[in-house]
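Below: one structure, written as structure tokens.
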Amino acid sequence: MPSIRLQGKIFLQGTINALTGLHIGGNSGELDIGGIDNPVIRNAFNRQPYIPGSSLRGKMRGLLDRHFNKPLDKSVGRDVRVHECQRPADYNVCPVCQVFGVAPIRQLSGKTMPTRVIVRDTFLTPESLGALDRADTDTDFTEIKTEVAIDRITSAATPRQQERVPAGTTFGPFQIVHSLYTLDENSRNNQLQNELQFFDTVLTGMELLEDDYLGGAGSRGSGQIAFENLAVIFKSRGCYENADIPPITIAKNVNIKTLRQSDYTEKILAAISAE
Ligand SMILES: [Zn+2]
């Protein structure tokens with residue numbers, strides 16, 4: 001494979017708004033006796049709930065697998081199957097594996113690009129931290145939702161509890177970092193068009209996620225989120241080579257739809273051409 005050149009990084013950042021209660025499961029092993037059996041994930045230092053980058057990324061990837069109709073061809077553990085291309089011919093035309101990466105298996109050795117997307121962990125905004133701190137709840141920063149399973153014949157009821165971050169909580173800034181690579185300077189512009197198409201795949205994943213759910217109990221109302229106040233910042237290769245070249249703000253105060261309708265790809269291509 002020819003040498004891979006980084007042409008720049010796109011930083012997509014903004015706020016994640018929990019439109020309904022959000023349950024991203026944590027570890028119940030650490031709980032005291034009498035604690036709830038279905039807790040949310042928390043930062044070990046300050047006990048604040050957060051959104052792991054792995055949760056966002058994994059959900060987006062799973063939704064994109066289905067969107068692009070990709071086969072579930074890899075087993076993870078005993079019961080979980082996911083999509084990951086196993087052959088170079090498949091990988092070369094698979095936007096999901098190109099964006100999110102593949103495990104280094106022998107058949108693909110030396111025939112893949114670096115993983116293009118990084119999704120950071122996202123923490124409570126200062127506003128939500130203050131509001132949840134002041135709220136009078138039984139648990140730190142969260143609510144306990146009780147659901148009832150009802151026997152269809154006898155109507156006997158069994159309650160079950162789940163800890164959630166309340167609706168209206170905001171997390172941010174979240175950050176997704178997407179790298180643009182090229183292999184051959186002679187056809188750089190054509191390759192960059194493809195690279196920006198891969199970034200659009202990330203936006204598709206975010207849009208699919210907004211219409212699906214994050215975390216658990218989504219079919220019962222939890223986990224509806226919105227990506228809000230989005231900004232796109234581009235750091236070209238020159239920014240890394242020369243400290244005097246600043247990153248460029250490509251878009252701000254947009255949502256996913258308005259971003260995709262905008263001319264952001266032209267702006268990024270122009271920034272690269274100008275160097
Ligand atoms: Zn694939």
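Would you kindly derive the ³J(HN,Hα) couplings of region 181-189 from the backbone phi angles with the Karplus curve 6.51 cos²θ - 1.76 cosθ + 1.60 (θ = phi - 60°), listing them in order in whole Hz, with x for Gly and Pro?
My calculation for region 181-189 gives 10, 9, 10, 9, 4, 5, 10, 4, 5 Hz in order.
What residues have an amide H closer than 5 Å to that of Asp73, excluding those fewer than 5 places away on the same chain, when H is modeled at 1.01 Å from N in the peptide plane?
Long-range HN contacts for Asp73: Val82, His83, Glu84.
Count the lysine pairs in the chain that are 8 or more places apart or on different chains: how many have C-alpha atoms under 24 angstrom apart?
Lysine pairs meeting the criterion: 17.
Out of residues 5 or more away from Gly26 or on other chains, whose amide H comes under 5 Å of its own, with H placed 1.01 Å from N in the peptide plane?
It is Val40, Ile41, by chain and number.
If we count trypsin sites (Lys or Arg not before Pro) as exposed when they sit in a DSSP loop and have at most 13 other beta carbons within 10 Å, what is the longest stretch of the chain that avoids them all?
Answer from the scan: 153-275.
Given a 10 angstrom Cα cut-off, can you work out which residue in Val93, Val232, Val202 is the most mobile in a GNM of the chain?
Highest fluctuation among the options: Val93.
Per-residue HN-Hα couplings for region 84-99, Karplus 6.51 cos²θ - 1.76 cosθ + 1.60 at θ = phi - 60°, whole Hz, x for Gly and Pro?
Couplings: 8, 4, 10, 10, x, 4, 6, 4, 4, 10, 10, x, 5, 5, 5, 7 Hz.
Once the other residues with Cβ under 14 Å from the Cβ of Gly8 are scored (Lys, Arg +1; Asp, Glu -1), what is the net sum?
Local charge sum for Gly8: +4.
Farthest toward the dipole's positive end in the chain, which of Ala167, Gln197, Ser3, given Cβ charges of +1 (Lys, Arg) and -1 (Asp, Glu) about the Cα centre?
Value computed over the given set: Ser3.
Measuring with a 1.4 Å probe in the full set of protein chains, what accessible area per residue, in whole Å², belongs to the chain? If you can, show how the numbers build up before the last one.
Numbers: 14700 Å² over 275 residues.
Computed with neighbouring chains in place, this is 53 Å² per residue.
Expressed as a whole percentage, what fraction of the accessible surface of the chain belongs to carbon and sulfur atoms when a 1.4 Å probe is rolled over the protein heavy atoms?
Percent of accessible area from carbon and sulfur atoms in the chain: 49.
Using a ≥ b ≥ c from the Cα gyration tensor of region 66-166 (square roots of the eigenvalues), is it rounded, prolate or oblate, where a/c under 1.5 gives rounded and otherwise the larger of a/b and b/c decides, a/b for prolate?
Oblate, because a/c is 1.5 or more while a/b does not exceed b/c.
Would you mind counting up the charge near Leu72? Only other residues with Cβ under 11 Å from its Cβ, with Lys and Arg at +1 and Asp and Glu at -1.
Once positives and negatives cancel, what remains is +1.
The values are calculated or read from the model by the stated rules, or taken from the named source; none is laboratory data. The model shown is predicted, which means the values in this text are computed figures rather than measured ones. Don't worry about glycine lacking a Cβ; one is built from the backbone with ideal geometry, like all the others, and counts go over all protein chains shown. Protein only, heavy atoms only, side chains kept; ligands, DNA and RNA dropped before computing areas. Shrake-Rupley method; radii C 1.70, N 1.55, O 1.52, S 1.80 Å.
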